[in-house]
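What follows is calculated from the coordinates using simple rules that are stated; it is not laboratory data. Predicted model only: the values in this text are computed from it and were never measured. All Cβ positions, glycine included, derive from the backbone under ideal geometry; neighbour counts span all protein chains shown.
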């Protein structure tokens, strides 16, 4: 991993990967939407409302996955003090917050016709709402420091502590009574969902994952450019202390 | 036409299905647009700064 964690090498590699990843994402999203909206059959109990699942479930998976990415990047940042790990955690968080919001909104829109309520304060819904606030709290904390390194360290600790919430979300439907249905894909004994619905779900999930990586790479690249700009500005003020021709302060420190 | 309207009605669940897809589309497209826009702005800023440096360097 350390080989890819050099900012200059990261910029070169991500520039080569991004166009392909972008088109792959577009293709997957288009196929996923066609499968979800036209090919998948209506449910025998839920009718056409089941199509909300193809947005709701993949965004819920992404909400958890991206938080795990933030927590692991934070751990890497705390252990190895690598500046790119801080950026990786910080730039993943807004994407995770977006997926969590979509999960909550689409879940509410699904709950009203199927359960007869937009919201219940049960364990599953509440723990996902807590996840959303963890994302927002993390972003607010990281942005609250003038010193970026200190902000990143405080955020990393919050992200790691908040990771306790991930197993709580996953097992909340087994541990407590809830309106929410238990797992039907990631369970012992295999999925209980019909293939005609599982396939669109899978394509949408892969599409959302590809979209996450596309957005993540763009955002990390932006953050690296911002560091170079800051280094050049600093070098313009104090030309003797900083040699910006070497790629800037942030990079020579790595 | 009737087939299209029938499809859009989503078996009576149109008021729930379409907003769910609309929220997802708006949030993700907005995030993509914002990320792309921020990237290009930084890129232009960096190019301008680097040009300024080389100009100063050549006259010195």
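Between residue B:50 and residue B:18, the FRET efficiency estimated from the beta carbon spacing at R0 = 30 angstrom works out to 0.05. In the distance distribution for the stretch A:105-227, Cα-Cα pairs more than 23 Å apart total 52 percent. With the convex hull drawn around the C-alpha atoms of chain A, the volume per residue stands at 140 Å³. In the stretch A:1-155, Cα pairs under 8 Å separated by at least six residues give a relative contact order of 19 percent.
To the nearest ten degrees, helix A:53-80 and the longest principal axis of the Cα atoms of chain A are 30 degrees apart. Counting every alpha-carbon pair across the stretch A:190-229, the share separated by more than 17 Å comes to 52%. Computed per residue of chain A from DSSP H runs no shorter than four, each worth -39500 (n - 2.57), the mean residue ellipticity at 222 nm is -25500 deg cm²/dmol. Distance between the C-alpha centres of the stretch A:31-84 and the stretch B:6-49: 16 Å, rounded to the whole angstrom. Sorted fewest first by neighbouring Cβ atoms within 10 angstrom, A:95, A:218, A:193 come out as A:193, A:218, A:95. Counted by neighbouring Cβ atoms within 10 Å, the residues B:35, A:59 run from fewest to most as B:35, A:59. Taking other C-beta atoms within 10 angstrom as a stand-in for reagent exposure, A:228, A:9, B:36 fall in the order A:9, B:36, A:228, fewest first. The separation of the stretch A:102-134 from the stretch A:213-237, counted between C-alpha centres, amounts to 37 Å.
As a calculated quantity, the FRET efficiency between residue B:1 and residue A:27 at R0 = 25 Å, using C-beta atoms, amounts to about 0.25. Based on the Stokes-Einstein relation at 37 °C and a viscosity of 0.692 mPa s, and on the Kirkwood radius from alpha carbon pairs, the stretch A:7-112 is assigned a translational diffusion coefficient of 203 µm²/s.
Relative contact order of the stretch A:39-102, taken over Cα pairs closer than 8 Å and 6 or more residues apart, is 35 percent.
Calculated FRET efficiency, residue B:8 to residue A:238, Cβ-Cβ distance, R0 = 41 Å: about 0.05 to the nearest 0.05. Eigen-decomposition of the gyration tensor built on the alpha-carbon atoms of chain B gives equivalent ellipsoid semi-axes of 53, 10, 4 angstrom, largest listed first. With both labels modelled 7 Å from their Cα along Cα-to-Cβ, the residue A:193 to residue A:149 distance reads 4.6 nm.
Helix A:195-237 sits at what angle to the longest principal axis of chain A, using alpha carbons and giving 0 to 90 degrees rounded to 10? Helix A:195-237 sits at roughly 20 degrees to that axis. Compared with the dominant Cα axis of chain B, that is its longest principal axis, helix B:14-59 is turned about 10°.
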